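A quick write-up on the structure given underneath.
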Amino acid sequence: MSSDEMMGLEKTLFLSANARVMITSNIWLHAGLVNGAIGTVRHIIFRPGTQPPTMPLVIVIEMDAGYRGPSLPNKIK
């Protein structure tokens, strides 16, 4: 899909642990996942035996103040 069809998201996105990220559209208003909300990438988890450029299984983002949605009971270390 084009960047326009994906709401500005580029085909290739480079991320690393501790990267700051911003939500650019209202995803879940009740939980605080709104346009302009900021968070930090804490973990990028791949399926066992895989690595980039394979898509990750999970990207764990710690949101800054204002997030009211579900969370992990204990921080992943």
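The values are calculated or read from the model by the stated rules, or taken from the named source; none is laboratory data. Quantities reported herein were computed from a predicted structural model and do not represent experimental measurements. Virtual Cβ from ideal backbone geometry, glycine too; neighbours counted across all protein chains shown. Heads up: the accessible areas ignore ligands, DNA and RNA and are worked out on the full protein's heavy atoms, side chains in. Shrake-Rupley method; radii C 1.70, N 1.55, O 1.52, S 1.80 Å.
Here are the numbers:
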read-out: Flag if Asn35 is under 21 Å from Leu9 (Cα atoms) and open to solvent by 90 Å² or more (accessible area, probe 1.4 Å); value: yes
read-out: Residue count for region 1-25, restricted to those that are farther than 16 Å from Ala65 by Cβ, open to solvent by 100 Å² or more (accessible area, probe 1.4 Å) and either touching a strand residue (DSSP E or B) at 6+ places or on another chain (Cβ under 6 Å) or at pLDDT 90 or above (or both); value: 1
read-out: Region 39-52: number of residues that are open to solvent by 50 Å² or more (accessible area, probe 1.4 Å) and in contact (Cβ under 8 Å) with a residue 12 or more places away in the chain; value: 3
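Here's the yes/no breakdown for (1) over 11 Å from the mean Cα position of the chain (by Cα); (2) modelled with pLDDT under 95:
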| site | (1), (2) |
| --- | --- |
| Gly32 | yes, yes |
| Gly49 | yes, no |
| Pro52 | yes, yes |
| Val60 | no, yes |
| Met63 | no, yes |
| Tyr67 | yes, yes |
| Asn74 | yes, yes |
